[in-house]
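Below: the structure, in structure tokens.
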Amino acid sequence: MENVATAAASSQAVAKRLKKRYAAERRFKALGFGAIALALGFLGILLVTIFSNGSTALVQTNIRLDVTFDAETLGVSPVNPSADELLRANYGGVIKSALSKAFPDVSGGQRRQLYKLVSTGADLPLRDKLMANPGLLGTTVSVWMTAGADVDMAMKGHVSRKPGVEGNRLTDAQLGWLDELEKRDAVTKKFNTTLFTTGDSREPEQAGLWGAVVGSFFSLSVTLLVCFPLGVATSVYLEEFAPKNKWTHLIEVNINNLAAVPSVVFGLLGLAIFLNFFGMPRSAPLVGGLVLALISMPTIIIAGRAAMKAVPPSIREAALGLGASKLQMVTDHVLPLSMPGILTGTILGMAHALGETAPLLMIGMVAFIVDIPASPLDPSAVLPVQVYLWADSPERAFVERTSAAIMVLLFFLAMMNLAAIMLRKKFERRW
Amino acid sequence: MQLLTLMVVLLLLTAFGYRLGRSRALATASGNPRLLHSLPSYHGYYVALWCGLPALVLIAGWLALEPALLHWMVMSSLPVDLQGMADERLALIYNEVRNVARYGHTPSIPAVGEAAQHYNAVRHTMFISVALGALALAVAALAYAHRRIHADMRARNQVEATVKVFLVLASTMAIFTTVGIVMSLLFESLLFFRHVSLIEFLFGTQWSPQIAMRADQVGSSGAFGAVPLFAGTLLISGIAMAVAVPLGLLSAIYMSEYAAPKFRSVVKPLLEVLAGIPTVVYGFFAALTVAPFIRDVGSSLGLSVASESALAAGLVMGIMIIPFVSSLSDDVINAVPQSLREGAFGLGATKSETIRQVVIPAALPGIIGGVLLAASRAIGETMIVVMAAGLAANLTANPLEAVTTVTTQIVTLLVGDQEFDSPKTLAAFALGLVLFTVTLALNVVALHIVNKYREKYD
Amino acid sequence: MNAIPVTDTRLSKVAARDVNVFYGQKHALKHVDLEIRANDVTALIGPSGCGKSTFLRCINRMNDLIENAQVTGSLMLDGDDIYDKTIDVVQLRARVGMVFQKPNPFPKSIYDNVAYGPRIHGMARDQSELDEIVMNSLEKAGLLAEVKDRLEESGTGLSGGQQQRLCIARAIAVAPEVILMDEPCSALDPIATAKVEELIDELRENFTIVIVTHSMQQAARVSQRTAFFHLGELVEVGDTEQIFTNPQHPLTQGYITGRFG
């Protein structure tokens, strides 16, 4: 009897314990799932924040004004002005008089505020317009002009249009004019071509990414030109020719360690060796590309060796057995067969180099550069550094532009990764 | 531009050499390639290499020597009174001469203008002579190689030997890079330690690297005690690891032990996306969104949170490192033999018990190795802390305050205008040396542990 | 390149004198003396690890690829010392071709597989000559009828037996004097094996063949001479008929009658 009782008690205890164990099991599983959800949730928040911030930068507020190309205001001769005259003419004055005409009752002191509605860079399109068609001289045309950054922010709702609210940089008078312009249907948002066609600027509404894109292109070209031949040559040597001795081992250990050295240290190397020792130009994509090449080299070598290892030894034997020399074996068989793998690794290495920022700061690529670089020797920014520079700017309008710059950067990265994935899928070979 | 032209001419000459070598080889074999030791194309490459390489070496040597030669020739032509000036002044003058000569700036004194003309003349003459020399060398070598071609010549062996030399040279690049890093860090750091003692640098608790612009300026002698930087780095990396290790490890466990293959094939690449996002993006996000969020939450709880709190930077850095921890742990967990799991299941253990009591302990060395690698990455991470952590060198363990890190200071000290030899810029190299040493040590230890672990189950 | 000798079948094509191979400390091949006659099929038999493959790979210096492998003694091919410093390994391998245990076609077209050797050795002056070499080799390998309509397809798409015959065609295309075969049928089914064996017999007319095989029946079927290796030593060599009917050495007898191996 007693036995049965203890048995029942113990079976009850077992059941209870089992229940507890299963609860622990479920908790553990939920914990794992939660961790993944948290990580992905963060990714989602990050992307949503960037995209919601950045998408508004794709459009730009424009204001329509009736502009009179008055020879006197422009300061050019009324009949047949020379191209040089037109080039140097006072288009700002034309815009100012157009604004005064639109709001005739604004008095002298407030005019200054009025002029700020329109971007200080709005005169350039006017110049181009007139120079393309000098016949417009003396006529009045209706022109859409880039609005100032503060107006742009207010129109996009990034800052409040209620007077006196924090962050609102427009005065009551300016807000009133803006309302009036809206009533006249003279305010609209247009696609922001400036963002994709010009270089950097202190004025948010005139700042563009093209200079940085070109700079990134030059840098990555240098990186690729240096890194790919050297990386492949190193992989070939280590995988196919190198004897297994201490020297080879040293090289291998070195490559593995270089892959883990913080990138900022490579920046110090670039500063000390390339700039100060060899006297290369500061801020140049050439130097940036070289530094990035040193950073990407281990990635490419490791990928290249893995790809060559995957080529079965029987292929090598077959080639050698036919009397191919070792180098012929490599160039005719091993390299072509491992090329998809090498290229995939190279693209991923390049993608990484594209996003690299810190080492480029060291070699002076943070300078404020307006011009689009024409060669890898010209001072230039690159995309991630442009993000850094804009992120540092106090104007509210640069927040959306920074986000837009990030979107462009992520777009390029996504394309490169996609290319790598497709390459891998297309040429995947099972031996 | 001139250089480009020279290179193109040389390239054309080389291509010409290739054709010449090929056709001569065929001619000596009276058109029958079987009579040749090597394929005709190898004879072509042979001549091309002879034609191109020596000339290329000459040009490269000149490029390396040109700045020094120019400097010497221009400086020795300066008027005597200028030559007697202090070295710094002379360096400035030479800089101006170069700018005037290259970019047409207006010279500040006539002597500079003359020197600039001299500079251009010398440069031009040197280039012409080198160009002619290189081309002459190329032609002579071409003729020499061309004459040596005959049917029995082992052109292939010679070409391949040259290529092999190139391969060996390429593989030494890694060594040169490491040597370059160590040398530049060491050299500049030694200069730094002439100004500041090693003890003060490593153990001092005051960090304010401002240096007096004038000798008599007060209150800005500069203090280079790096302890607050080390502490700040540890604090932020510690927060990052506290986020990344549990999340990464749990993700890896779920992925390798629980998740269906389909789930895995979707989620794993998504997690990898976290690793592919550039750090500057994380930095922007931390500064724009996370830091204000934490500050707002903190103030609603009645806490005072710095707007550039260590917590924000550490949190975002931790998220960035998650995929790193998870993919390393994933590899390690998958390497645990199935037989161990089956043993535990066979005893009636539940899945989570098996994982916690068998799989994880078995995988622990590998996981520790992975965590060390992740820590080294956190310590070396730059952009997030540059953008989201502060510059104030506070010595604190409070994650809600602003701290600064080694990498932040390296960037801050070197960005902007700088005189190269001031302790301020040199300090960056000393910090870089510390960073390099610590991360290298962490990596060596971690790789050692991971390799040991792999051997155990291979 | 020398002309292929077809007249004197008694001529010694490859002569090994006191050949030793060491892999590091391991003495893998011990004092081997062996003559391989021209236009014979010589079979190398023996239990696993006896050194027969090692010896085979000495003849075209494939052992060079193995690190710390060392070969001593003399190996002559038509009076040329194979291990002489002045011998170009690449040219040697053009004279001594090889077919491997597992078919290893290049992942290229059937045509390119066969044309690869002639191309690297510059054997064809123009495309039509190359075509001729390829067709001839495929014909000789007994593969032409099966593949002539799909020469541009990948060589890896063929069946195992076809792949191995493609590898043989590839070896023939270089016009070697000697063809080494390292267990060429071990990865093939019986029908494919029969085809390859038939082919080996036909090839004897133009080439000297050395074949390593695990199968005694195969050695008996295809070879004229047989050499028996054991533990790195050459135990016995003689006409195949004699080895199989009247072995001189007790080890040989034991192996042939299946008492060990």
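Evaluating A:L250 against the criteria (1) modelled with pLDDT under 90; (2) open to solvent by 10 Å² or more (accessible area, probe 1.4 Å) leaves one unmet condition, (1).
Taking the stated definitions as given, is B:V243 assigned to a helix (DSSP H, G or I), facing chain A (nearest Cβ under 10 Å) and under 23 Å from A:I421 (Cα atoms)?
Values: assigned to a helix (DSSP H, G or I): yes; facing chain A (nearest Cβ under 10 Å): yes; under 23 Å from A:I421 (Cα atoms): no.
Spelling it out, it is not the case that B:V243 is assigned to a helix (DSSP H, G or I), facing chain A (nearest Cβ under 10 Å) and under 23 Å from A:I421 (Cα atoms).
Within the bounds of the range B:201-221, is there any residue that is away from every other protein chain (no Cβ under 11 Å), touching a Pro at 6+ places or on another chain (Cβ under 9 Å) and aliphatic (A, V, I, L, M)? Yes, the conditions are met somewhere in the range B:201-221. State which residue is nearest to the other protein chains (Cβ to nearest Cβ) when the search covers only the range A:382-425 and only residues that are in a loop (DSSP other than H, G, I, E, B) and open to solvent by 10 Å² or more (accessible area, probe 1.4 Å). It comes out as A:D392. Reported count of residues in the range A:220-241, each being without any contact (Cβ under 8 Å) to a residue 60 or more places away in the chain and aromatic (F, W, Y), is 1.
With respect to (1) within 12 Å of chain A (Cβ to nearest Cβ); (2) surrounded by fewer than 24 Cβ atoms within 10 Å (Cβ to Cβ), the lone exception for B:S304 is condition (1).
If you go through the range A:268-317 and keep only what is in a helix (DSSP H, G or I) and over 28 Å from the mean Cα position of the chain (by Cα), you end up with A:N276, A:F277, A:R305, A:A306, A:A307, A:M308, A:K309, A:P313, A:S314, A:I315, A:R316, A:E317. Looking across the range B:333-381 at every residue that is open to solvent by 10 Å² or more (accessible area, probe 1.4 Å) and of a type in the set (V, I, T), the one that is nearest to the other protein chains (Cβ to nearest Cβ) is identified as B:T350. Within the range B:149-161, track down each residue that is assigned to a helix (DSSP H, G or I) and loosely packed, with under 15 Cβ neighbours inside 10 Å. Hit for the range B:149-161 is B:A161, nothing else.
The requirement of being surrounded by 12 or more Cβ atoms within 10 Å (Cβ to Cβ), in contact (Cβ under 8 Å) with a residue 24 or more places away in the chain and assigned to a helix (DSSP H, G or I) is not satisfied by B:H37.
Criterion applied to A:R184, A:R169 was being open to solvent by 70 Å² or more (accessible area, probe 1.4 Å), among the charged types (D, E, K, R) and touching a helix residue (DSSP H, G or I) at 6+ places or on another chain (Cβ under 7 Å), and the one residue passing it is A:R169. Identify the single condition in (1) of a type in the set (S, T, Y); (2) more than 25 Å from B:S184 (Cβ to Cβ); (3) more than 10 Å from chain B (Cβ to nearest Cβ) that A:S219 does not satisfy, given that it satisfies every other one. Of everything listed in (1) of a type in the set (S, T, Y); (2) more than 25 Å from B:S184 (Cβ to Cβ); (3) more than 10 Å from chain B (Cβ to nearest Cβ), A:S219 misses just condition (2). Does at least one position in the range A:347-368 carry a residue that is more than 12 Å from chain B (Cβ to nearest Cβ), touching a residue at least 12 places away in the same chain (Cβ under 8 Å) and in a loop (DSSP other than H, G, I, E, B)? Scanning the range A:347-368 turns up no residue that is more than 12 Å from chain B (Cβ to nearest Cβ), touching a residue at least 12 places away in the same chain (Cβ under 8 Å) and in a loop (DSSP other than H, G, I, E, B). So for the range A:308-321 (the condition being within 20 Å of C:G122 (Cα to Cα), within 8 Å of chain C (Cβ to nearest Cβ) and touching a strand residue (DSSP E or B) at 6+ places or on another chain (Cβ under 7 Å)), does at least one residue qualify? Within the range A:308-321, one or more residues are within 20 Å of C:G122 (Cα to Cα), within 8 Å of chain C (Cβ to nearest Cβ) and touching a strand residue (DSSP E or B) at 6+ places or on another chain (Cβ under 7 Å).
Would you confirm whether or not the range B:142-160 contains a residue that is at pLDDT 85 or above, among the β-branched types (V, I, T), closer than 30 Å to B:R34 by Cα and not assigned by TED's automatic domain parsing to the domain that holds B:Y46? Checking the range B:142-160: at least one residue is at pLDDT 85 or above, among the β-branched types (V, I, T), closer than 30 Å to B:R34 by Cα and not assigned by TED's automatic domain parsing to the domain that holds B:Y46.
Number of residues in the range A:321-330 that are within 12 Å of C:Y116 (Cβ to Cβ) and either surrounded by fewer than 23 Cβ atoms within 10 Å (Cβ to Cβ) or within 42 Å of the chain's Cα centre (by Cα) (or both) equals 2. Might you let me know whether the range B:284-301 holds any residue that is more than 12 Å from chain A (Cβ to nearest Cβ), under 36 Å from the mean Cα position of the chain (by Cα) and either of a type in the set (A, V, I, L, M, F, W, C) or within 18 Å of B:G238 (Cα to Cα) (or both)? Among the residues of the range B:284-301, at least one is more than 12 Å from chain A (Cβ to nearest Cβ), under 36 Å from the mean Cα position of the chain (by Cα) and either of a type in the set (A, V, I, L, M, F, W, C) or within 18 Å of B:G238 (Cα to Cα) (or both), which makes the answer yes.
The residue that is farthest from C:K26 (Cα to Cα), counting only those in the range C:60-91 that are out of contact with any helix residue (DSSP H, G or I) (no Cβ under 9 Å at 6 or more places or on another chain) and of a type in the set (A, V, I, L, M), is C:I87.
Each row is one residue, and each column tells you yes or no for (1) over 19 Å from the mean Cα position of the chain (by Cα); (2) part of a helix (DSSP H, G or I); (3) over 17 Å from C:F207 (Cβ atoms); (4) of a type in the set (A, V, I, L, M).
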site: C:M76; (1), (2), (3), (4): no, no, yes, yes
site: C:N104; (1), (2), (3), (4): no, no, yes, no
site: C:Y111; (1), (2), (3), (4): yes, yes, yes, no
site: C:G122; (1), (2), (3), (4): yes, no, yes, no
site: C:E132; (1), (2), (3), (4): yes, yes, yes, no
site: C:G142; (1), (2), (3), (4): no, no, no, no
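The set of residues in the range A:70-98 being more than 13 Å from A:R127 (Cα to Cα), outside any loop (DSSP other than H, G, I, E, B) and touching a helix residue (DSSP H, G or I) at 6+ places or on another chain (Cβ under 9 Å) consists of A:T73, A:K96, A:S97.
Sort through C:N63, C:N20 and tell me the only one that's open to solvent by less than 30 Å² (accessible area, probe 1.4 Å) and not in a helix (DSSP H, G or I).
Working: C:N63 fails: not in a helix (DSSP H, G or I).
Unique residue meeting the criteria: C:N20.
Pairs linking a residue in the range C:28-40 that is farther than 15 Å from C:L56 by Cα to a residue that is among the β-branched types (V, I, T), with Cβ atoms under 6 Å and 6 or more positions apart or on different chains, are C:A38/C:T208; C:N39/C:T9; C:N39/C:T208. Before we move on, is B:A115 exposed (fewer than 15 other Cβ atoms within 10 Å of the Cβ), assigned to a helix (DSSP H, G or I) and either in the same structural domain as B:M7 (by TED's automatic domain parsing) or not hydroxyl-bearing (S, T, Y) (or both)? In short, no. As a summary of the residue check, C:K140 satisfies the conditions (1) among the charged types (D, E, K, R); (2) crowded, with 19+ Cβ neighbours inside 10 Å; (3) modelled with pLDDT of 90 or more except for the one numbered (3). With respect to the conditions (1) surrounded by fewer than 17 Cβ atoms within 10 Å (Cβ to Cβ); (2) modelled with pLDDT of 90 or more; (3) more than 20 Å from B:I410 (Cβ to Cβ), B:S221 falls short on a single one, namely (2).
Among the numbered conditions (1) part of a helix (DSSP H, G or I); (2) open to solvent by less than 20 Å² (accessible area, probe 1.4 Å), tell me where A:V67 comes up short. In the conditions (1) part of a helix (DSSP H, G or I); (2) open to solvent by less than 20 Å² (accessible area, probe 1.4 Å), A:V67 misses (1) alone. Screening C:L92 on (1) closer than 13 Å to A:A319 by Cα; (2) at the interface with chain A (Cβ under 9 Å from one of its Cβ atoms); (3) assigned to a helix (DSSP H, G or I); (4) not small (G, A, S) shows it passes everything except condition (1). Applying the criterion of being closer than 20 Å to A:Y115 by Cα and more than 37 Å from the chain's Cα centre (by Cα) to the residues of the range A:81-98, the residue that is least open to solvent (accessible area, probe 1.4 Å) is A:A98.
The values are calculated or read from the model by the stated rules, or taken from the named source; none is laboratory data. Since this is a predicted model, take the numbers as computed values, not measurements. Glycine gets a Cβ as well: all are built from the backbone with ideal geometry, and neighbour counts include every protein chain shown. Surface accessibility is based on the protein's heavy atoms, side chains included, excluding ligands, DNA and RNA. Shrake-Rupley method; radii C 1.70, N 1.55, O 1.52, S 1.80 Å.
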